[in-house]
Amino acid sequence: MTVEWLWLGIGFLGQALFSARFLVQWLASERARRSIVPRAFWFFSLAGGATLLAYAIYRRDPVFIAGQGAGLFIYARNLMLIRREIREQRART
(Lines give C-alpha, C1' and ligand atoms only; values in the text may rest on other atoms or scores of the structure.)
Protein backbone atom coordinates (compact mmCIF):
# COMPACT_ATOMS: atom_id res chain seq x y z
CA MET A 1 0.00 0.00 0.00
CA THR A 2 1.41 3.38 -0.98
CA VAL A 3 1.07 6.61 0.98
CA GLU A 4 -1.23 7.91 -1.75
CA TRP A 5 -3.62 4.96 -1.28
CA LEU A 6 -3.52 5.37 2.50
CA TRP A 7 -4.52 9.04 2.23
CA LEU A 8 -7.22 8.20 -0.28
CA GLY A 9 -8.63 5.76 2.29
CA ILE A 10 -8.45 8.45 4.99
CA GLY A 11 -10.31 10.84 2.69
CA PHE A 12 -13.07 8.33 2.07
CA LEU A 13 -13.28 7.51 5.79
CA GLY A 14 -13.70 11.19 6.59
CA GLN A 15 -16.39 11.54 3.97
CA ALA A 16 -18.21 8.47 5.33
CA LEU A 17 -18.12 9.86 8.89
CA PHE A 18 -19.26 13.26 7.69
CA SER A 19 -22.10 11.73 5.67
CA ALA A 20 -23.20 9.48 8.54
CA ARG A 21 -24.33 12.54 10.47
CA PHE A 22 -27.22 13.03 8.03
CA LEU A 23 -28.36 9.45 8.55
CA VAL A 24 -28.21 9.92 12.34
CA GLN A 25 -30.21 13.16 12.13
CA TRP A 26 -32.81 11.68 9.81
CA LEU A 27 -33.36 8.58 11.96
CA ALA A 28 -33.60 10.65 15.17
CA SER A 29 -36.15 12.96 13.54
CA GLU A 30 -38.21 10.03 12.28
CA ARG A 31 -38.27 8.47 15.75
CA ALA A 32 -39.30 11.76 17.38
CA ARG A 33 -41.74 12.60 14.57
CA ARG A 34 -40.21 16.11 14.47
CA SER A 35 -37.00 17.65 13.23
CA ILE A 36 -34.23 17.33 15.80
CA VAL A 37 -30.44 17.43 15.77
CA PRO A 38 -29.00 14.86 18.20
CA ARG A 39 -25.61 15.18 19.87
CA ALA A 40 -24.31 12.33 17.70
CA PHE A 41 -24.79 14.59 14.65
CA TRP A 42 -22.21 17.02 16.06
CA PHE A 43 -19.79 14.23 17.05
CA PHE A 44 -19.94 12.78 13.52
CA SER A 45 -19.51 16.32 12.15
CA LEU A 46 -16.43 16.83 14.31
CA ALA A 47 -14.89 13.42 13.53
CA GLY A 48 -15.62 13.64 9.81
CA GLY A 49 -14.50 17.26 9.62
CA ALA A 50 -11.22 16.56 11.42
CA THR A 51 -10.50 13.56 9.20
CA LEU A 52 -11.33 15.52 6.05
CA LEU A 53 -9.18 18.42 7.28
CA ALA A 54 -6.22 16.05 7.65
CA TYR A 55 -6.85 14.80 4.12
CA ALA A 56 -7.16 18.37 2.78
CA ILE A 57 -3.87 19.33 4.45
CA TYR A 58 -2.19 16.31 2.89
CA ARG A 59 -3.60 17.29 -0.51
CA ARG A 60 -2.58 20.93 0.10
CA ASP A 61 -6.00 22.19 -0.95
CA PRO A 62 -6.47 25.66 0.60
CA VAL A 63 -10.19 25.88 -0.23
CA PHE A 64 -10.90 22.49 1.35
CA ILE A 65 -8.68 23.35 4.35
CA ALA A 66 -10.50 26.64 4.98
CA GLY A 67 -13.93 25.03 4.70
CA GLN A 68 -13.22 22.09 6.99
CA GLY A 69 -11.22 24.18 9.44
CA ALA A 70 -14.03 26.71 9.89
CA GLY A 71 -16.58 23.94 10.28
CA LEU A 72 -14.64 22.35 13.14
CA PHE A 73 -15.09 25.48 15.25
CA ILE A 74 -18.84 25.44 14.64
CA TYR A 75 -19.19 21.75 15.50
CA ALA A 76 -17.10 22.10 18.66
CA ARG A 77 -19.07 25.19 19.73
CA ASN A 78 -22.38 23.35 19.31
CA LEU A 79 -21.09 20.52 21.51
CA MET A 80 -19.97 23.07 24.12
CA LEU A 81 -23.41 24.70 24.11
CA ILE A 82 -25.11 21.31 24.49
CA ARG A 83 -22.80 20.40 27.38
CA ARG A 84 -23.54 23.70 29.12
CA GLU A 85 -27.29 23.20 28.68
CA ILE A 86 -27.07 19.70 30.19
CA ARG A 87 -25.07 21.04 33.16
CA GLU A 88 -27.63 23.81 33.72
CA GLN A 89 -30.50 21.32 33.58
CA ARG A 90 -28.79 19.09 36.15
CA ALA A 91 -28.18 22.07 38.43
CA ARG A 92 -31.90 22.93 38.39
CA THR A 93 -32.94 19.45 39.49
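The values are calculated or read from the model by the stated rules, or taken from the named source; none is laboratory data. This one's a predicted model, so the numbers in the text were calculated from it and none came from an experiment. Cβ sites come from the backbone with ideal geometry, for glycine too, and all protein chains shown count toward neighbours. The accessibility values were calculated without ligands, DNA or RNA, using every heavy atom of the protein model including side chains. Shrake-Rupley method; radii C 1.70, N 1.55, O 1.52, S 1.80 Å.
Could you check the simple spin-label distance between ARG34 and LEU8, using points 7 Å along Cα→Cβ, in nm with one decimal?
In this crude label model, ARG34 to LEU8 measures out at 4.7 nm.
Sum up the charges of everything whose Cβ sits under 13 Å from the Cβ of ASN78, counting Lys and Arg as +1 and Asp and Glu as -1, but leave ASN78 out. Could the numbers behind the result be given before it?
Details: positive: ARG21, ARG39, ARG77, ARG83, ARG84; negative: GLU85.
Residues near ASN78 contribute +4 overall.
Using protein chains only and a probe of 1.4 angstrom, how many square angstrom of PHE12 are accessible, to the nearest 10?
Spelled out: PHE12, probe radius 1.4 Å, area about 140 Å².
Quick one: accessible area per residue over the range 3-92, 1.4 Å probe, rounded to a whole number of Å²?
Details: 6340 Å² over 90 residues.
Per-residue accessible area for the range 3-92 comes out at 70 Å².
Which label marks the calculated value of Cα Rg over 2.2 N^0.38 Å, given the options (i) 1.18; (ii) 1.38; (iii) 1.30?
(iii)
Counting only protein heavy atoms, what percent of the accessible surface of the chain is carbon or sulfur at a 1.4 Å probe?
Details: 4380 of 6750 Å².
Using a 1.4 Å probe with all protein chains present, the chain comes out at 65 percent carbon and sulfur.
Angle, helix 39-59 long axis vs. longest principal axis of the chain, Cα atoms, 0 to 90°, nearest 10?
Relative to the chain, helix 39-59 is tipped by roughly 20 degrees.
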